[in-house]
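The structure appears right after this line, and notes come after that.
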Amino acid sequence: NNNNNNNNNNNNNNNNGGWNQQGPPGSDRFETGKPFGGDQDEFKDAIKMLVKMGLFAGTCFCAFAFLVAGVVMLALGGANLGTASALDASTDFADLGATCMIAKITVSSETTERESKDSSTGQTTKDYICYDTYKYEISVPEDTRVYYEEEKLERCYCACEGGSPVAGSFSESQTVQCWKPVVDVSANKDFYGCSDEACLRLWSPAIALEASLTHWSIVQTIGTPLLVIGVLFACSFCGVLYWACSAKSSVPVHTQWGSKPAEPTTPQPADNYGGGSYGNDDNIPEAVSVSAE
């Protein structure tokens with residue numbers, strides 16, 4: 001009977017796949033490490049990992065890009081704005097009046113190509129812009145040196161081939177107003193819009209200096225919000241990094257109820273009842289008294 005009961009229990013366990021969610025009273029609970037759902041749960045974990053990696057890479061790139069752009073623009077804007085603010089066109093240049101003469105004019109044309117993408121169709125098209133550059137050769141009274149000034153004008157949104165240059169601001173042999181530097185401004189020629197280190201200007205250097213101040217002020221102003229956005233992305237990056245490292249897998253694990261495998265034991269000597277052991281003392285046959293008559 002005991003053998004039959006054991007066989008029935010084994011058959012029931014096999015039919016149930018060895019799993020018993022609730023477990024019998026007094027039984028031990030231990031995890032097998034086998035996940036519910038199989039490949040489906042592994043696919044979900046893979047998607048979650050890809051999402052984490054995407055957030056990690058995206059926030060890292062955005063934080064780096066905005067921080068670098070903000071720092072560079074703030075540094076360049078602040079440095080150039082400080083330099084330009086210290087300049088004074090009225091003391092660096094002398095107004096010669098209408099004494100300079102345009103001795104010669106050279107015209108050159110250049111086509112610039114740029115690409116533009118249509119947001120609705122996604123198609124990329126090429127645009128062309130034609131620029132005409134006038135190079136003025138200038139002579140100054142009581143000065144044997146030859147000076148040059150350049151003027152760049154936009155002709156059209158097309159290629160320059162087959163067209164005529166737009167008219168420049170000056171013509172040959174024209175007497176014009178000019179400004180000549182009285183100090184060395186070669187280190188600051190970009191702030192005054194000079195064409196070369198000699199920096200003879202046909203246009204007011206004070207206006208060019210004012211344009212430089214406006215330009216670098218805008219650069220510095222744009223750099224501040226970029227830096228703030230970069231800091232916010234850096235904080236987001238830290239949050240994503242913490243979430244990715246601390247989050248645990250949500251795959252549930254099977255729980256099997258039953259006794260854990262028994263430890264190996266030393267074989268016990270056979271008893272006095274047929275060389276075997278009984279599972280219950282109640283099954284041991286009682287001693288029979290035999291009397292001889």
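Please treat every number below as a calculation from the coordinates, not as lab data. Because the structure is predicted, anything quoted here is derived from the model rather than measured. Here the Cβ positions follow ideal geometry from the backbone for every residue, glycine too, while neighbour counts run over all protein chains shown.
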Rounded to the angstrom and largest first, Cα extents along the principal axes for segment 155-220 equal 43, 37, 17
Taking 0.36 nm per residue of separation and subtracting the Cα-Cα distance, what length does fully extending S171 through A211 add? 11.8 nm
Taking 0.36 nm per intervening residue step and subtracting the Cα-Cα distance, what contour gain separates E150 from V228 on full extension? 24.1 nm
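Want the number for S108 to A79: 0.36 nm per residue separation, take away the alpha-carbon distance, what's left?
7.0 nm
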Just to be sure I follow: if Rg is taken over the C-alpha atoms of segment 72-138 and Rh is the Kirkwood radius over the same atoms, what is Rg/Rh? 1.21
Where does segment 97-191 land on Rg(C-alpha)/(2.2 N^0.38 Å)? 1.50
How big is the Cα convex hull of segment 125-181 in projection, averaged over all directions, in nm²? 5.7
Filter K104/K180; K117/K189; K104/K189; K126/K189 down to the pairs with a C-alpha to C-alpha distance above 30 Å, please. K117/K189; K126/K189
Within segment 146-189: backbone nitrogen closer than 11 Å to the Y128 label point (7 Å, Cα to C-beta): 157-163
